[in-house]
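For reference, the structure is listed below as structure tokens.
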Amino acid sequence: MQPIYLDYNATTPVDPAVAEAMQPFITSHHGNPSSAHAYGRATKDAVEAARRQVADLLGCAADEVVFTGGGSESNNTVLKGVAHTYRQRGNHLITSQVEHPATINPCRFLEQQGLQVTYLPVDRTGMVDPEDVRRAITPRTILVSVMHANNEVGTLQPIAEISRIARASGVLVHTDAAQSVGKIPTLVDELGVDFLSVAGHKVYAPKGIGALYVRSGTALEPLIHGAGHEFGRRAGTENVIFDVALGKACEVAKADLPRYQRQVRQLRDHFQEELAKRFGDRVVVNGHPEQRLPNTLHVNFRGVIGAELLEKLPEIAASTGSACHEGEIALSSVLTAMQVPPELGMGAVRFSLGRYTTPEEIERTVAWIERVYEGDRERATGVAEQQGR
Ligand SMILES: Cc1ncc(COP(=O)(O)O)c(C=O)c1O
């Protein structure tokens, strides 16, 4: 039997409707979209239809959507592109301490090139205070880049408020929406952003495809120079098969969003309640209680190491929030920024549910956890008793 998959924030399977949409472009339509003949027109039309599908999900115009190779490329394009394009205006970027490495590491690279980066702290729920953004802005600030939803704990950032503050000072705003697109409404005008990153493999499209929203009229030097593909914003012959896949994935996500949010939240809340019922305060939930992705349950199991607990649970595929290096437990940078105490955070496990998670899988998961976690506790208590403690 396959393990129960509860790692949808890591990646999602390809939706069958997406696989079906890709098929004709694998087997039948091979034209280069730049070719003027019928072969080219067929694939060009498909790419443009896919672009409209992505735009519909984000609430923007089709010509504001650039296909990329994924979330990392979208983030790199914005961070490096803004740093270069607006270098006369300033050299200061603002981001947060809980960003994905696909933001943190381009920022570190830019620091090596002489730019200044402010990494804003978060509160204990993982949230940035918009007032901290206001305080961090200087006349040399050119970009604020804060993620929409955190990949580990699921906390949602107050992007609309952050945008209002930044744009009032003439500062551009980017949000990494890799984790929110398809899970909660992610509309560029509601968020008020100039740039937004999408990662296809978090929204039931294949790995290696993504998109970048660039607000109409915003200058941005491309990361990849070449011919004039993607409105001159990203060179390279279009990845027709994967563009079509991302388009279909966005169409499905948009149609499914109300049902998805309701269903996945119900399951996640039920899961959380079952853990609370069985383990009380031995299980502590991380992240914001309400402002959180509906599919994410990130918890600390007191008294155990998350990675070891998961090792004993091969029936469940989930992620841990701590790593063990040479006997030392290191908390993730996100948990560290949230000031989770190490003795608690070492037991961190992220469960992320998705479109195909069933109530029965959650029941089985709770039962497996109970067996293994209770077993661990009994063994730990037994050892303590033997040692006369
Ligand atoms: C928040 C966030 N940003 C960016 C990425 C990177 O996306 P990709 O794997 O498509 O490069 C991920 C995926 O792990 C993510 O969770």
Among 68-77, 186-195, what's the highest-first ranking by average C-beta atoms within 10 angstrom per residue? 68-77, 186-195
Restricting to bridges with both residues inside the chain, how much of the DSSP beta-bridge set is antiparallel, in percent to the nearest 5? 60 percent
Let a ≥ b ≥ c be the square roots of the eigenvalues of the Cα gyration tensor of the chain; is it rounded (a/c under 1.5), or, if not, prolate (a/b larger than b/c) or oblate? oblate
Working from Cα positions, state the angle (0 to 90°, nearest 10) between the long axis of helix 240-279 and the longest principal axis of the chain. 20 degrees
Quick one: which residues, 5 or more positions from LEU120 or on another chain, have an amide H under 5 Å from its amide H? H modelled 1.01 Å from N in the peptide plane, none for Pro or chain starts. THR95, SER96, GLN97
Under 18 Å from a point placed 7 Å out from the Cα of LEU257 along the Cα-to-Cβ direction: which residues of the stretch 40-68 have their backbone N that close? 50-66
Measure nothing but the geometry: give the 0 to 90° angle between the long axis through the Cα atoms of 359-386 and the longest principal axis through the Cα atoms of the chain, rounded to 10°. 40 degrees
With an 8 Å Cα cut-off and a minimum separation of 6 or more residues, compute the relative contact order for the chain in percent. 22 percent
Ranked list, fewest to most other Cβ atoms within 10 Å of each Cβ, for THR237, THR43: THR237, THR43
Any idea how far apart ALA36 and GLU315 come out in nm if each label point goes 7 Å out from Cα toward Cβ? 6.5 nm
Longer than 20 Å from Cα to Cα, which of LYS80/LYS207; LYS202/LYS277; LYS44/LYS248; LYS183/LYS277; LYS44/LYS80 are they? Say none if no pair is. LYS80/LYS207; LYS202/LYS277; LYS183/LYS277; LYS44/LYS80
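The numbers here are math on the coordinates, done by the rules we state, and not lab data. All figures in this text were calculated on a predicted structure; none of them were measured in a lab. Please note: Cβ atoms are built from the backbone with ideal geometry, for glycine as well, and neighbour counts cover all protein chains shown.
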